[in-house]
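Q: Here it is: the structure, laid out below.
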Amino acid sequence: MLSQIRPAIVMIVLFTLLTGLAYPLAITGLAQIAFRDEANGSLVERKGVIVGSRLIGQNFAADNYFHGRPSATSAPDPNDSSKTVDAPYNAANSSGSNLGPTSQKLVDRVNAAIEAEFAAGRVDMVAADAVTTSASGLDPHISPQFALAQAPAVAAARKLPEARVRALIEKQIEQRLAGFIGEPRVNVLELNLALDELH
């Protein structure tokens, strides 16, 4: 019996050391050498202060900043732990809304967002990402169309020429990966940081 148990224990210890310790340490070390920025969260730093990540959206609400796409993330309701409340860009609870196309709540939310875009005078045609949430609720990018639609309002709030703001947007557009993967996009955090540097 002991002759059968000993090899089993040796294999458990060996594979625990290999797959639970050696492999994760090797991969972590390799990532730190080859992809240091990505392995550490693609953090964005300004003047020695970490202001965010290129991979996680933030809730910019002020008129003098570009806004990201709506976020469907939530947080526990402080008054009733069995319920949730909207908490835009809550990275601790990344999720989509899971509302289907026949959901009246989704239809009402999208219609309200469209009306808000028109009321703010930001658009003459609403970009899809201006009124719809991403699957994670944390998408850091918006379409160039949505960014350009916000240019007049941001330029007015900052008392800048609209042409200068539009040129900044054009400069910040990230093209398709390898020329055909994905869509052109603008990172909202990096655009807003570049906007702050215009002054």
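Bear in mind these aren't lab numbers, they're just calculated from the coordinates by the rules spelled out. All values reported here derive from a predicted model rather than from experimental measurement. Neighbour counts are summed over all protein chains in view; Cβ atoms, including those assigned to glycine, are modelled from backbone coordinates with ideal geometry.
Q: Taking the Cα centre of region 1-102 as origin, work out the dipole magnitude from +1 charges on Lys and Arg Cβ and -1 charges on Asp and Glu Cβ, in debye rounded to 20. Numbers along the way, then the final one.
A: Details: 7 positive and 7 negative charges, 72 e Å.
It works out to roughly 340 debye.
Q: Relative to the first principal axis of the alpha-carbon coordinates of the chain, what is the inclination of helix 104-119, with its axis defined by its Cα atoms, in degrees from 0 to 90 and to the nearest 10?
A: The angle comes out at about 50 degrees.
Q: Right, something else. Considering just Cα atoms, how many Å³ per residue does the convex hull of region 32-79 enclose?
A: Values: hull volume 7.8 nm³, N = 48.
Taking the convex hull of the Cα positions in region 32-79, it is 161 Å³ per residue.
Q: If the only charges are +1 at each Lys and Arg Cβ and -1 at each Asp and Glu Cβ, what is the size of the charge dipole of the chain around the Cα centre, to the nearest 20 debye?
A: 440 debye
Q: Using only the Cα atoms of region 9-147, what do you get for the radius of gyration and for Dmax, in Å?
A: Taking only Cα atoms of region 9-147, I get Rg and Dmax of 20.8, 70 Å.
Q: Using a cut-off of 26 Å between alpha-carbon atoms, which lysines can reach LYS171, once sequence neighbours fewer than 8 places away in the same chain are excluded?
A: Within reach: LYS47, LYS159.
Q: What FRET efficiency do you get for ASP80 and ALA120 if R0 is 22 Å and r is their Cβ-Cβ distance, rounded to the nearest 0.05?
A: That pair, ASP80 with ALA120, gives E of 0.10.
Q: Compare the Cα positions of ALA22, GLY52, ILE169 along the charge dipole of the chain (+1 at Cβ of Lys, Arg; -1 at Cβ of Asp, Glu; about the Cα centre) and return the one farthest towards the positive end.
A: ALA22
Q: Let me ask you something else. Put a dot 7 Å past each Cα toward the Cβ at LYS105 and ALA61; how far apart are the dots in nm?
A: 2.1 nm
Q: How long are the semi-axes of the equivalent ellipsoid of region 83-172, taking √(5λ) for every eigenvalue λ of the Cα gyration tensor, in whole Å from largest down? Each step should come with its number before you reach the end.
A: Details: eigenvalues 151, 50, 27 Å².
Three semi-axes, in Å: 28, 16, 12.
Q: Mind checking which lysines have their C-alpha under 26 Å from LYS83, skipping anything on the same chain fewer than 8 residues away?
A: Those lysines meeting the cut-off are LYS105.
Q: To the nearest 20 Debye, how big is the dipole of region 150-199 about its Cα centre, given +1 on the beta carbon of each Lys and Arg and -1 on that of each Asp and Glu?
A: Rounded to the nearest 20 debye, it is 140 debye.
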